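Below: the structure, in structure tokens.
The values are calculated or read from the model by the stated rules, or taken from the named source; none is laboratory data. Please read these numbers as outputs of a predicted model, since none were measured by experiment. All Cβ positions, glycine included, derive from the backbone under ideal geometry; neighbour counts span all protein chains shown. With ligands, DNA and RNA removed, areas are computed over all heavy atoms of the protein, side chains included. Shrake-Rupley method; radii C 1.70, N 1.55, O 1.52, S 1.80 Å.
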Amino acid sequence: MLLGRTAASLFWMARYMERAENMARLIEVSYRISLMPKPFRAHQDDWSSTLKSAHCEATFADKYETASQEHVIQHLVLDRENPSSIRTSMETARNNGRAVRTALSRDVWEALNATWNELSCLRMSQLSSDKLPAFLDWIKQRSMLFRGAMLGTALRHDSFHFSQLGAFIERADNTARILDVKYHILLPRGSGPGSSIDRQQWASLLRSVSAHRAYRWAYRDASYQPWNVAQFLILNQAMPRSLLFCYDWISNESLADIEKEYGETWPCHDTATETMNLLAGADMKQIFQNGLHEFLSDFIDRNNRLTAEIASAYNFP
Amino acid sequence: MGDNFNEMLEADGSVRPHYAILHKWLETQTPANLRAKIREAESIFRRLGITFAVYGTEEASERLIPFDIIPRIFAASEWRLLEAGIAQRVGALNAFIDDVYHRQEIVRAGKVPAELILQNEAYMPQMAGHSPARNVYSHIIGTDIVRVGANEFYVLEDNCRTPSGVSYMLEDREAMMFLFPDLFAKHRVAPIEHYPELLRQTLDSVAPPQCDGEPTCVVLSPGIYNSAFFEHAFLADEMGVQLVTGDDLFVQDGWLYMRTTRAPVRVDVVYRRIDDDFLDPLTFNPASTLGVPGIFDIYRAGRVTIVNAPGAGIADDKAVYSFMPEIVEFYTGEKPILNNVPTWRCSDADSLAYVLEHLEELVVKEVHGSGGYGMLVGPTASKKEVAAFRQILKKRPANYIAQPTLALSSCPTFVKSGVAPRHVDLRPFALTGDRMRITPGGFTRVAMKQGSLVVNSSQGGGTKDTWVLED
């Protein structure tokens, strides 16, 4: 027996942990770009575009006037007013875990709790340029430790599947949003290798989902091809942050296993299957023809609808 | 401080027999070694999240309760006396609550004044005439006891509502066995780790008469921001029952259910860790979002058991406390084994005059307060604090009682300057259901500051493991 609230807390715990890790990766890429000499930086590549990718423009504007590096990092890492800052995400993840700690293995709980104990003392002075990369690495490691503890010690029951739903819905949302903010750089514009700025943008996009090296292995291109980059992040079944991969997990693993355990299906099952089939049957050419931006907006809407349907089917409070 | 009872040493400096092994062991320990053990214990507690939220700080921060690594030891004979005293008192408290909400024989007999009960804020008229399963009201009682002499124990407070601290009792034991296995093995310490089992048996045994089959029990917590949330989660986990908050529960067609990811599941016994006032917005505080609308009606209908019963607080009210010797004698026919501290009720004009004149010697407490907030410890307070408290007391005298300061016993405690005696109290836990179950020992709190008599964790007090030796 699983309380609706427990299922919800497991969902949001894993979702916010995933969000913290994605945020760390996004900041890492922006930081990398900020170190490049000017000619290699497109004007859109300043810190304000990072806010856009992180979907944090509104909360930022409430507090700051200029998108300086210091302000953006402060906002995306530490600000309590920002519900998606690394600090708030980790706190939300940990509070959700704390509320249901009887449903967590001790290893999972300790991974969450120890991370928060250290992070709660973090000050802006510890995020200066020289210390930022090590900090972001640490966040990624803590998230991976959490994920590993989950995969290695959690019983494969409904409670595990609800946490996976949270993680993969967040991951799909993150990949789709990053693509949507940058979709213009992927649009086809005739042949040619692309400028050095283009190449830099494509590489950054891949880096922000930890995929720049995997891309080489998957496509064996000497240089990046924008349509391949899009294909890789949307439709590649082997790429663990692609939309298709996420939906394969959501639909064919998590929701399917919950259905098996409970013997019931709900609208969320239909929505997930539909989105899964849409992705499995799509080809990139078609998507570009119908509009990449439209495709991604539609996907983000579907993904949000799925969250609402899961919450209602399983009595989240 | 020299005339306080020292639990390890006799007046002539020789070691009491049940402390002999510990005393010898302490002589072999260096401060550096003990300090390292404390750090080890704290990092374990912090990692596991065994924390206590302290109110009144900037944000409800989570703090560790200081853990003292030197155990407090009771000889078997000492514990037998205490246990008999606790059993007697706990039995009388439940009989008293039952009587208060039924025929009030004790008032008729003239042993306590009627207004003490009827005009008491803790008296709950909605409970009048209700008989819960097995006529038990306060299933879990944590009696605060201090010691002033070899066989002289005083009860400071009977916590009959939602006493906390039992998780520290259990975790302190775990920590001691982990940190000092050799020392532990040299003693025959009565086990306590089955407390959650006993609690579960107690809860099962008071399932409502209308429950057929295996009862479903839950722990009802206000949620993660409550100071004792760790304990709520700990007990639910150890008992193997669900930890719920108010919005997980709902009343439908006269039964209590919890919301699950599938069909609702019926609930029979609620071990609640929220106050009466928040239990049911339809019956009590309408603004409460912590409770369950309608739960009180089905409780009265005998379809769910609430542990501890609403209205049980009438028995641990500080004004009622002063009548405890009469109460124990009335229901047990015996003289009380544990002493009551002489108490001045400030509502009484003569008593108030005496208290105002002797503020520097007395401890003054709020009648309904708990946790060591809003109290004055005369002998250690500054002149300014005493003057300020005098004004408060004059304004609302009925809100306060006063007691003499007792010469609390002390135990060896590891502090900055090394091993030194510090004052302690004891909160043993008594469970009442189909029968009474008392865990040997309890939760020892220790005032970490020299000379201090305030042991509350919210005021910087620490904890110790409590060992009851077997013969």
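Can you give me the three principal axis dimensions of segment B:86-242 from its C-alpha atoms, in Å, biggest first?
58, 48, 31
So what does the Cα-only Debye profile of segment A:223-266 read at q = 0.19, 0.28, 0.34 Å⁻¹, as log10 I(q)/I(0), no solvent term?
Ignoring solvent entirely, the Cα scatterers give -0.60, -0.87, -1.04.
In whole Å, largest first, what are the principal axis extents of the Cα atoms in chain A?
That gives 59, 49, 36 Å along the principal axes, largest extent first.
Would you check the accessible area of B:TRP344, probe 1.4 Å, heavy atoms only, in square angstrom rounded to 10?
Only protein atoms counted, so the area is about 60 Å².
Rounded, prolate or oblate for segment A:102-252? Axes are the square roots of the Cα gyration tensor eigenvalues, ordered a ≥ b ≥ c, and the cut-off for rounded is a/c under 1.5.
It comes out oblate by the Cα gyration axes.
With a bin width of 10 angstrom, please list the P(r) values of segment B:180-257 as percents of all Cα-Cα pairs, from the 0 bin to the one holding the largest distance.
Final binned percentages: 15, 36, 29, 13, 6, 1.
For chain A, what does -39500 (n - 2.57) per DSSP helix run (n ≥ 4), summed and divided by total residues, give at 222 nm, in deg cm²/dmol to the nearest 500?
When only DSSP H runs of four or more count, the value is -20500 deg cm²/dmol.
Could you compute how much accessible surface A:PHE135 exposes when probed at 1.4 Å, giving the result in Å² to the nearest 10?
Here the accessible area works out near 20 Å².
Would you mind giving the average projected area, over all directions, of the Cα convex hull of segment A:124-169 in nm² with one decimal?
Dividing the Cα hull surface by four gives the mean projection, 4.2 nm².
Hey, got the average number of other protein chain Cβ atoms within 10 angstrom for residues in B:251-261?
Mean shielding count: 4.
When all protein chains stay in place, what accessible area (Å², nearest 10, 1.4 Å probe) is found for A:LYS52?
The accessible area of A:LYS52 comes to roughly 100 Å².
Any aspartates and glutamates with Cα under 12 Å of the B:LYS464 Cα? List them, leaving off those in the same chain fewer than 8 positions away.
Qualifying aspartates and glutamates at Cα under 12 Å: B:ASP68, B:GLU171, B:ASP172, B:GLU174, B:ASP425.
Ratio of alpha-carbon Rg to the 2.2 N^0.38 Å globular estimate for segment A:188-317, to two decimals, please.
Scaled against compact globular proteins, the figure is 1.23.
Under the rule a/c < 1.5 gives rounded, and otherwise a/b versus b/c splits prolate from oblate, where does segment B:162-223 land using the Cα gyration tensor?
Here segment B:162-223 falls in the prolate category.
Return the distance in nm (one decimal) between the two label points of a simple spin-label model at A:SER210 and B:ARG47, each offset 7 Å from Cα along Cα→Cβ.
Each label point is offset 7 Å from its Cα along the Cβ direction, giving 2.4 nm.
Rg (Å, one decimal) plus Dmax (Å, integer) for the alpha carbons of segment B:122-176?
16.0, 47
For Cα pairs less than 8 Å apart in space and 6+ apart in sequence, what is the mean separation divided by the residue count of segment B:101-173, i.e. the relative contact order in percent?
22
Structure shown: which of B:LYS37/B:LYS449; A:LYS260/A:LYS285; A:LYS131/B:LYS416 lie over 31 Å apart, alpha-carbon to alpha-carbon?
A:LYS260/A:LYS285; A:LYS131/B:LYS416
Kindly sort B:ARG16, B:ARG272 by accessible area of their heavy atoms, largest first, with the probe set to 1.4 Å.
Final ranking, largest accessible area leading: B:ARG16, B:ARG272.
At a Cα cut-off below 15 Å, give the aspartates and glutamates reachable from B:LYS383, other chains included and same-chain residues fewer than 8 away excluded.
The qualifying aspartates and glutamates are B:GLU357, B:GLU360, B:GLU361.
Express the C-alpha Rg of segment B:156-286 as a ratio against the empirical globular expectation 2.2 N^0.38 Å, rounded to two decimals.
Output field value: 1.24.
Given axes a ≥ b ≥ c from the Cα gyration tensor, I'd like to know whether chain B is rounded (a/c under 1.5), prolate (a/b larger than b/c) or oblate.
In terms of gyration-tensor shape, oblate.
Divide by every residue of chain B the summed helix terms, -39500 (n - 2.57) for each DSSP H run of at least 4, and state the resulting mean residue ellipticity at 222 nm, rounded to the nearest 500 deg cm²/dmol.
It lands at -9000 deg cm²/dmol.
Could you please state, rounded to a whole Å, how far the C-alpha centre of segment A:46-110 is from the C-alpha centre of segment A:124-158?
Computed from Cα coordinates, the inter-centre distance equals 14 Å.
Output the Kirkwood hydrodynamic radius of segment A:1-136, Cα pairs only, in Å rounded to one decimal.
Value: 16.0 Å, from the Cα pair sum.
For the protein assembly as shown, would you read off the P(r) tail past 43 Å as a percentage of all alpha carbon pairs?
41
Taking H as built 1.01 Å from N, whose amide H comes closer than 5 Å to the amide H of B:ASN159, not counting residues under 5 places away?
For B:ASN159, whose amide H was placed from the backbone, the distant partners under 5 Å are B:GLY142, B:THR143, B:ASP144.
Quickly work out the A:ARG32-to-A:ARG220 label distance, labels modelled 7 Å from Cα along the C-beta direction, and quote it in nm with one decimal.
About 2.5 nm separates the two model spin labels.
Could you list log10 I(q)/I(0) for segment B:322-404 at q = 0.17, 0.18, 0.20 Å⁻¹, which the Debye formula gives when each Cα is one point scatterer?
One equal scatterer on each Cα of segment B:322-404 leads to -0.69, -0.75, -0.87.
In what sequence, highest mean first, do B:243-254, A:255-266 appear when ranked by Cβ atoms within 10 angstrom?
B:243-254, A:255-266
How big is segment B:297-438 by Rg and Dmax over its Cα atoms, in Å?
For segment B:297-438, the Cα radius of gyration and maximum Cα-Cα distance read 19.0, 59 Å.
If you plug each phi of segment A:203-211 into the Karplus form 6.51 cos²θ - 1.76 cosθ + 1.60 with θ = phi - 60°, what whole-Hz ³J(HN,Hα) values come out, in order, with x for Gly and Pro?
So the Karplus estimates, Gly and Pro as x, are 4, 5, 4, 5, 4, 5, 10, 6, 10 Hz.
Using a 10 Å cut-off on Cβ atoms, rank the peptides A:58-67, B:442-451, A:296-305 from the highest mean neighbour count down.
The peptides rank, most packed first, as B:442-451, A:296-305, A:58-67.
May I ask you to derive the FRET efficiency for B:GLN210 and A:GLU261 from their Cβ-Cβ distance with R0 = 45 Å, giving the value to the nearest 0.05?
0.90
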